[in-house]
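Below is one structure, written out as structure tokens; the observations come after it.
The values are calculated or read from the model by the stated rules, or taken from the named source; none is laboratory data. Remember, it's a predicted structure, so these values are computed and weren't measured experimentally. Every residue, glycine as well, gets a Cβ built from its backbone with ideal geometry; the counts of neighbours run over all protein chains shown. What goes into the accessible areas is simple: the full protein's heavy atoms, side chains included, and nothing from ligands, DNA or RNA. Shrake-Rupley method; radii C 1.70, N 1.55, O 1.52, S 1.80 Å.
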Amino acid sequence: MTNLNFAKRMMLSLMLCLTTASLFAAPKDSLRVTIFGDSYSTFQGYLTPDTNNIYYFRADSPRRIKKNDVTSVEQTWWYQVIERLGAKLERNNSYSGSTVGYTGYKNREGKHQDYSHNAFVTRSNFLGEPDLILICAATNDSWAGAEVGKYLYGNQTRQDLFTFRPAMAKMLGDIRQNYPMAKVVFILNDVLRQDINESVHTICKHYDVPCIDLHGIDKQDGHPSIKGMKTFADQVVEYLYKEKIVKK
């Protein structure tokens, strides 16, 4: 490794440390925000646990997906939201490719894979100690072709959780039970299946969880671009203030 390359790597590491520090080092009485999402909410070096699958990587990472222009954490929707709220990141438990329920994408044989190990409904007990939980979910359930199933608000069996509605209900029910003092907001991606959209709205209403319907999000490789992330953040911040979920 040349001295120049070493210096560049050291500088990037220092910048990452400073960025991370600014996100976590808000005043003690700042709003603590947990991000609970899929690939749209990931970024290298910011996930808990750090074994979660990532979509967005730093510019210098060999794993960076070059079809998308987001290359720094400051460009992500959630970083912008937290910064603009004057809040601090409690935890980001996002997992690229994750579904709300247990039904994942199809394998080469055309069979749906079992995603129970990384499903939202499995991860919902590991969100830290937040004041506000922002959930961005349901995209992969829609894209993977998961069945919606029936509305079921308790006593879900393992088999029930392979369908969307019972899994969505259990996820929100568990979050309400485990984080009774936290405000919870669901963020719904645009251009998803209509039956998924209707299911999300119905179940959110049941648990008194407000739902932000995103619109006009610019995407590259199916994921928010820099432009899309800004629009995403704008819509979330506007909603949180308008509905007085967060005070200015």
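Numbers below:
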| quantity | calculated |
| --- | --- |
| Global geometry of the range 62-126, whether rounded, prolate or oblate, following the gyration tensor of its Cα atoms and the 1.5 cut on a/c | oblate |
| The range 118-248, relative contact order in percent, only Cα pairs under 8 angstrom and at least six apart counted | 23 percent |
| Accessible heavy-atom area order of Arg123, Arg158, Arg108, highest first, probe of 1.4 Å | Arg108, Arg158, Arg123 |
| Choice from Thr163, Thr34, Thr51 showing the highest fluctuation, given a GNM over the chain with Cα pairs closer than 10 Å | Thr51 |
| Listed residues Lys230, Lys111, Lys150, most fluctuating in the chain (Gaussian network, C-alpha, under 10 Å) | Lys111 |
| For the range 101-248: rounded, prolate or oblate by the Cα gyration tensor [a/c cutoff 1.5] | oblate |
| Whole-number Å³ per residue for the convex hull built on Cα positions in the range 171-211 | 61 Å³ |
| Rounded, prolate or oblate (a/c below 1.5 giving rounded, otherwise prolate when a/b exceeds b/c) for the range 30-71 by Cα gyration tensor | prolate |
| The chain, helix-only ellipticity at 222 nm - DSSP H runs n ≥ 4, -39,500 (n - 2.57), divided by all residues, nearest 500 | -11000 deg cm²/dmol |
| Positive-pole candidate from His112, Ile226, His201, dipole of the range 104-234, charges at beta carbon | His112 |
| Pairwise centroid distance, computed over Cα atoms, of the range 89-115 with the range 144-193, Å | 14 Å |
| Accessible-area composition of the range 196-248, carbon plus sulfur, in percent [1.4 Å probe] | 49 percent |
| The chain: antiparallel DSSP beta bridges as a percent of all, rounded to 5 | 20 percent |
| Phi to ³J(HN,Hα) by Karplus 6.51 cos²θ - 1.76 cosθ + 1.60 over the range 164-180, Hz, x for Gly, Pro | 5, 4, x, 5, 4, 5, 5, 4, 5, x, 5, 5, 4, 6, 7, 10, x |
| Phi to ³J(HN,Hα) by Karplus 6.51 cos²θ - 1.76 cosθ + 1.60 over the range 143-155, Hz, x for Gly, Pro | 5, 7, x, 5, 6, 7, x, 10, 6, 9, 10, x, 6 |
